[in-house]
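Accompanying notes for the structure given below.
The values are calculated or read from the model by the stated rules, or taken from the named source; none is laboratory data. What you see is a predicted model; the values in this text were computed from it and never measured. Cβ coordinates were reconstructed from backbone atoms using ideal geometry, including for glycine residues, and neighbour counts include every protein chain displayed.
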Amino acid sequence: MTTKADLSIDFCGIKFENPFCLSSSPVGNHAEMCSRAYDAGWGGIVYKTLGLEKSFKIVMPSPRLSVYNYGDKRFVGLQNAEQITDRPIKDNIRDIAFLKKNYPNKVLISSIMGYSDDDWAELAKMSEDAGADMLELNFSCPQMARKDAGHRIGQDFESVSHFTEVVKIACGLPVMAKMTPNITDMIPVALAAKQGGADAISAINTIKAITDIDIENFTPLPNIHGFSAATGFSGPSAKPVAMRFVSDLYNSKELGLPISAIGGIETWRDALHFLLLGGTNLQVTTGILRYGYRIIEDMIEGLSDFMIDRNIKSLDEIIGKAAEKIIDPSEFTTRYQVVSVIDEEKCIGCGQCYISCHDGANQAIKFDSEKRKASVDEEKCVGCLLCKHVCPVWDCISYKEVDAKVTKHAAVF
């Protein structure tokens, strides 16, 4: 019998069989899709954001996707001009009720976006009546086609606090506020949501970006009848930014709310990174768009194996463990120095470390053109490790710690 670790989590008092959820997007657009996701093993779904067509009718642009490729690396990011659901509210509410009836042990989070107090309150109550377990307030969509919605509201602290409070008064469900990354500091707006009564924070949504340009007609992509716009960017390339925001939220002493982490999760290692930075619940879209719901199998198996190998009994034991080690750069110690070490037997003589160090670092790499081997001048080396990062042989270059006084560039105490 295959042993599995306990991946269950408690998030805002709601039990999830595992932390993995579809994020609010086209991957969870109606009951048939969501049913297949539940059957595949996803612990929860954040249903695609609901709106009231009586307040604003959504009409999607087309085409609305542009992929970001870099060299021979495909799909390292995705730009989208997607808005909230364009399906009628009655159809979505019917689907939410169907899903909760047929999957009572799975979690369903209803994402909502209003344009007035009445909109927010009505959407919250409709979602609650349909059986949703929780609400996510979309304060973050970067391409909503009106100025009083999405990330524009998410940059207005007073509006975030106010609409959160409106929703909390309107229903009895736990409420999660979804943050926009299109802001310098996420903490003040998260605190505004907390002031309004938010029980949790989700972050990040997509980053406003431009991914590509058709150089034949000088038009950015996606080309929507001759024009384009800076719209939401997601996927692996967005992950470093997402990790920064999630760790900021977790480390905020004032905030103290659980975090649903989003941003470039495709593998169990990605998931682990966000757990270690303070996420309790995890949301995925772009990975599913590329590979389908089946990626949940790898994430569950990989995370489970990791926990078993290290005798970790619960995810609670590791949540935030890496975030606790993030400090301000002013606190870095300079009492220690490392220098690169090149394994001569593994060196293939390509010279990339030599070129990169001489043109971009401290000219600390020496290259024997006859032997076709690289070596390190430890007196010049400052331990930046550029050589290690550009080396095509994974474990050829390592580093060692030396007395800080050995090198020319070491700090003097």
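Of these, Leu249, Leu272, Leu255, which one is in contact with a Lys or Arg (Cβ under 9 Å, 6 or more places away or on another chain), aliphatic (A, V, I, L, M) and surrounded by 17 or more Cβ atoms within 10 Å (Cβ to Cβ)? Talk me through it step by step, then tell me what you get.
Details: Leu249 fails: in contact with a Lys or Arg (Cβ under 9 Å, 6 or more places away or on another chain); Leu272 fails: in contact with a Lys or Arg (Cβ under 9 Å, 6 or more places away or on another chain).
Going through Leu249, Leu272, Leu255 in turn, just one is in contact with a Lys or Arg (Cβ under 9 Å, 6 or more places away or on another chain), aliphatic (A, V, I, L, M) and surrounded by 17 or more Cβ atoms within 10 Å (Cβ to Cβ): Leu255.
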- Message: Looking at (1) more than 22 Å from Met126 (Cβ to Cβ); (2) in contact with a Ser or Thr (Cβ under 6 Å, 6 or more places away or on another chain); (3) small (Gly, Ala, Ser), which one does Ser25 not meet, given that it meets all the others?
- Response: (1)
- Note on the structure: In the set Leu282, Leu276, the lone residue that is over 22 Å from Gly150 (Cβ atoms), touching a residue at least 60 places away in the same chain (Cβ under 8 Å) and assigned by TED's automatic domain parsing to the domain that holds Gln195 is Leu282
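Results for (1) aliphatic (A, V, I, L, M); (2) touching a Gly at 6+ places or on another chain (Cβ under 8 Å), shown as yes or no for each residue.
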{"residue": "Phe233", "(1), (2)": "no, yes"}
{"residue": "Val246", "(1), (2)": "yes, yes"}
{"residue": "Arg269", "(1), (2)": "no, yes"}
{"residue": "Leu303", "(1), (2)": "yes, no"}
{"residue": "Ile312", "(1), (2)": "yes, no"}
- Out of (1) touching a helix residue (DSSP H, G or I) at 6+ places or on another chain (Cβ under 7 Å); (2) part of a loop (DSSP other than H, G, I, E, B), what's the single condition that is false for Ser340? (2)
- Message: Among the residues in the range 48-69, are any over 20 Å from Ala149 (Cβ atoms), part of a loop (DSSP other than H, G, I, E, B) and in the same structural domain as Gln283 (by TED's automatic domain parsing)?
- Response: yes
- Query: Scanning the range 34-72 for residues that are hydrophobic (A, V, I, L, M, F, W, C), under 26 Å from Lys100 (Cα atoms) and surrounded by 18 or more Cβ atoms within 10 Å (Cβ to Cβ), which turns out farthest from the chain's Cα centre (by Cα)?
  - Reply: Leu52
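Looking only at the range 160-189, which residues are polar (S, T, N, Q) and in contact (Cβ under 8 Å) with a residue 12 or more places away in the chain?
Narrowing the range 160-189 to residues polar (S, T, N, Q): 161, 164, 180, 182, 184.
Ser161, Thr164, Thr180, Asn182, listed by residue number.
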- Message: When you scan the range 394-413, do you find a residue that is buried (at least 17 other Cβ atoms within 10 Å of the Cβ), in a strand (DSSP E or B) and either in contact with a helix residue (DSSP H, G or I) (Cβ under 6 Å, 6 or more places away or on another chain) or among the aliphatic types (A, V, I, L, M) (or both), even just one?
- Response: yes
- Would you check which residues across the range 41-73 are of a type outside the set (D, E, K, R), farther than 29 Å from Asp212 by Cα and touching a Pro at 6+ places or on another chain (Cβ under 9 Å) and list them? Gly43, Gly44
- What are the residues in the range 365-387 that are closer than 15 Å to Ile348 by Cα, of a type in the set (Gly, Ala, Ser) and surrounded by 16 or more Cβ atoms within 10 Å (Cβ to Cβ), if any? Ala374, Ser375
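Collect the residues in the range 141-172 that are buried (at least 22 other Cβ atoms within 10 Å of the Cβ) and either of a type outside the set (Val, Ile, Thr) or modelled with pLDDT under 95 (or both), keeping them in residue-number order.
First, pick out the residues of the range 141-172 that are buried (at least 22 other Cβ atoms within 10 Å of the Cβ): 141-142, 144, 149-151, 153-154, 160, 163-164, 167.
Cys141, Pro142, Met144, Ala149, Gly150, His151, Ile153, Gly154, Phe163 - these are the residues of the range 141-172 that are buried (at least 22 other Cβ atoms within 10 Å of the Cβ) and either of a type outside the set (Val, Ile, Thr) or modelled with pLDDT under 95 (or both).
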- Selection count where residues are touching a residue at least 24 places away in the same chain (Cβ under 8 Å), within 26 Å of Pro142 (Cβ to Cβ) and not β-branched (Val, Ile, Thr), scope the range 10-54: 22
- Message: Conditions first: (1) surrounded by fewer than 24 Cβ atoms within 10 Å (Cβ to Cβ); (2) in a loop (DSSP other than H, G, I, E, B); (3) touching a helix residue (DSSP H, G or I) at 6+ places or on another chain (Cβ under 6 Å). Leu7 passes all but one, so which condition is the exception?
- Response: (3)
- Note on the structure: Cys34 vs (1) touching an Asp or Glu at 6+ places or on another chain (Cβ under 8 Å); (2) of a type outside the set (Ser, Thr, Tyr); (3) part of a loop (DSSP other than H, G, I, E, B): all pass except (3)
